[in-house]
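Take a look at the structure below.
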Amino acid sequence: MKFDIISVFPELFSGVLDCGIIRRARQAGLVDVRLVNLRDFTSDRHRSVDDRPYGGGEGMVFIPGPLFDAVEFCRATKGGENAKVVFLTPQGRPWTQNMAGEFAVIPHLILICGRYEGVDQRVIDYLVDLEVSIGDFILTGGEIPAMALLDSVVRLLPGALGCGESAVNESFSTGLLDYPQYTRPAEYRGYSVPEVLLSGDHAKIEKWRKEKALEKTKRVRPELARIFHENSSAPAAQTGVNTRRTQWGDEGI
Ligand code: 4GY
């Protein structure tokens, strides 16, 4: 899988790309990440990427030229004609684990990281396939959201996780938040591990974990608990998050 990341601060990505699972996946050839500096596609002597908004108002907006040229450059590489172009923005579709799964089978993604007040709307209308948001808060740029998207997709690529790091049995694959985890020592500063986990009774442990997961989900994510109950009481088999797949709607990728 190939990622092109278009940014005015490509150096921000070095930490994420050069550590841990992403570094290993890159070394293994599972993913190829190319950082594209938007300023390399400017045409004036100041290397400008932004200008003042038509109609007035605060701040600056990314001009279309460098972004169109940068995406054209990314597409020009072998197999890149069909790349999907994603813009990270609070105005986008809320990112989910299901979307990460759908992205993990796309051969080539181009991520556009904005800055300032945003980008010229023509970039969104004529260049971007999908706007994605990682949450209802405003960051100073799209780089951190791009890292989050990249990270959540790369770990789903076959072979990216080691033996002890399965992506199958975790939060959201059940439609619930995770149950609490404990490890040694069984007692630490007087705080002990729940007895049931030391019992060796696997049926009892599984039941306890389900209860804890449901209890936590009800408390902090009641809307997820409701969906979980709807799914498990439906006549069809309960298949977890997959019953809610394909959140693309009319922006289907
Ligand atoms: N939240 N989810 C987000 C963001 C920063 C102005 C466009 C978010 O995805 N992106 O806050 N992005 C803005 C800053 C230009 C991107």
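Just name the residue that is nearest to the chain's Cα centre (by Cα) out of those in segment 199-253 that are among the aliphatic types (A, V, I, L, M), open to solvent by 60 Å² or more (accessible area, probe 1.4 Å) and at pLDDT 95 or above.
Applying the first criterion (among the aliphatic types (A, V, I, L, M)) to segment 199-253 yields 203, 205, 213-214, 220, 224-225, 227, 234, 236-237, 241, 253.
Applying the additional criterion that residues be open to solvent by 60 Å² or more (accessible area, probe 1.4 Å) yields 203, 220, 236-237, 253.
Those still in the list that are at pLDDT 95 or above too: 203, 220.
Working: Ala203: 34, Val220: 21 Å.
The extreme case among them is Val220.
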Which residues, counting only those in segment 20-53, are without any contact (Cβ under 8 Å) to a residue 60 or more places away in the chain, assigned to a helix (DSSP H, G or I) and open to solvent by 40 Å² or more (accessible area, probe 1.4 Å)? Gly20, Arg23, Arg26, Gln27, Arg39, Asp40, Phe41
Kindly check whether there is at least one residue in segment 154-168 that is within 11 Å of the ligand (Cβ to nearest atom), at pLDDT 95 or above, surrounded by fewer than 16 Cβ atoms within 10 Å (Cβ to Cβ) and more than 10 Å from the chain's Cα centre (by Cα). no
Across segment 91-135, which residue is surrounded by the fewest Cβ atoms within 10 Å (Cβ to Cβ) among those that are within 8 Å of the ligand (Cβ to nearest atom), outside any strand (DSSP E or B) and within 14 Å of the chain's Cα centre (by Cα)? Gly135
Residue pairs meeting the criteria (Cβ under 8 Å; at least 6 apart or on separate chains; first over 17 Å from Phe68 (Cβ atoms), in segment 106-126; second among the basic types (Lys, Arg) and more than 7 Å from the ligand (Cβ to nearest atom)): Ile106/Lys84; Pro107/Lys2; His108/Lys2; His108/Lys84; Leu109/Lys2; Leu109/Lys84
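The values are calculated or read from the model by the stated rules, or taken from the named source; none is laboratory data. Note that this is a predicted model, so its numbers are computed, not measured. Methodologically, a virtual Cβ is constructed for each residue, glycine included, from the backbone with ideal geometry; neighbour enumeration extends over all protein chains shown. Surface areas here come from the heavy atoms of the whole protein model, side chains and all, with no ligands, DNA or RNA. Shrake-Rupley method; radii C 1.70, N 1.55, O 1.52, S 1.80 Å.
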